[in-house]
Amino acid sequence: MGLFDNTSKFESSVKQIPYSQEAVYRNISDLRNLEKVRDRIPEDKVKDFSFDADTISINVPPVGELKLRVVEREEPKCVKFETAQSPVPFNVWVQMLPVDEQSSKIKVTVKAELNPFIKGMVSGPLQDGVEKIADALAQIEYV
């Protein structure tokens, strides 16, 4: 850490979800469950959306091809992803905390290595994207 540390962190606000922590974790830790939300993904914003249990691949104009893979599962509280293909390498954490038996909270965090020039250009869109991911995760039915 120091003067040349270019790690940038973007965090969503905490979202309340009316499902148990275990149900949320079970769904997020297996990316095949994205099938439930395929119809909610705006085709004008995301193209070539595909996934399996451990990876997700999307094409986001004008960014290009993004591929993320699950690199760590900490049941029932966190799923960590990292880029397998991206113009900018980054990690994503989805954290789940219990509120009670029937509800939980979720937060999305992105850490990326960004030089100061790039950071100035992408900070706003990245923060907005992290918030949209958290909003989308908060609206899924975790059954």
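The values are calculated or read from the model by the stated rules, or taken from the named source; none is laboratory data. Note that the structure is a prediction, hence the values are computed from the model and not measured. Glycine also receives a Cβ, built like all others from the backbone with ideal geometry; neighbour counts cover every protein chain displayed. SASA here: full protein model, heavy atoms, side chains in, ligands and nucleic acids out. Shrake-Rupley method; radii C 1.70, N 1.55, O 1.52, S 1.80 Å.
Looking at (1) of a type outside the set (Ser, Thr, Tyr); (2) in contact with a helix residue (DSSP H, G or I) (Cβ under 7 Å, 6 or more places away or on another chain); (3) open to solvent by 80 Å² or more (accessible area, probe 1.4 Å), which is the only condition Met96 fails?
The number of the failed condition is (3).
What pairs come out if I take residues in the stretch 125-141 that are closer than 18 Å to Arg26 by Cα and of a type in the set (Val, Ile, Thr) and pair them with residues that are part of a helix (DSSP H, G or I) and open to solvent by 40 Å² or more (accessible area, probe 1.4 Å) whose C-beta lies under 9 Å away, six or more apart or interchain?
Ile140/Asn33; Ile140/Lys36; Ile140/Arg40
Check Gly124, Gly120, Gly64 and return the single one that is at positive phi and not acidic (Asp, Glu). Before you say what the answer is, go through the steps one by one.
On the way: Gly124 fails: at positive phi; Gly120 fails: at positive phi.
From the options Gly124, Gly120, Gly64, the qualifying one is Gly64.
Under 6 Å between Cβ atoms, at least 6 apart or on separate chains: pull out the pairs that start in the stretch 83-104 with a residue that is of a type in the set (A, V, I, L, M) and end on any residue that is in a loop (DSSP other than H, G, I, E, B).
Within 6 Å, the pairs are Met96/Lys77.
Just for strands (runs of 3 or more DSSP E) wholly inside the stretch 1-75: which have at least 1 residues that are exposed (fewer than 13 other Cβ atoms within 10 Å of the Cβ) and of a type in the set (Lys, Arg)?
7-11, 47-51
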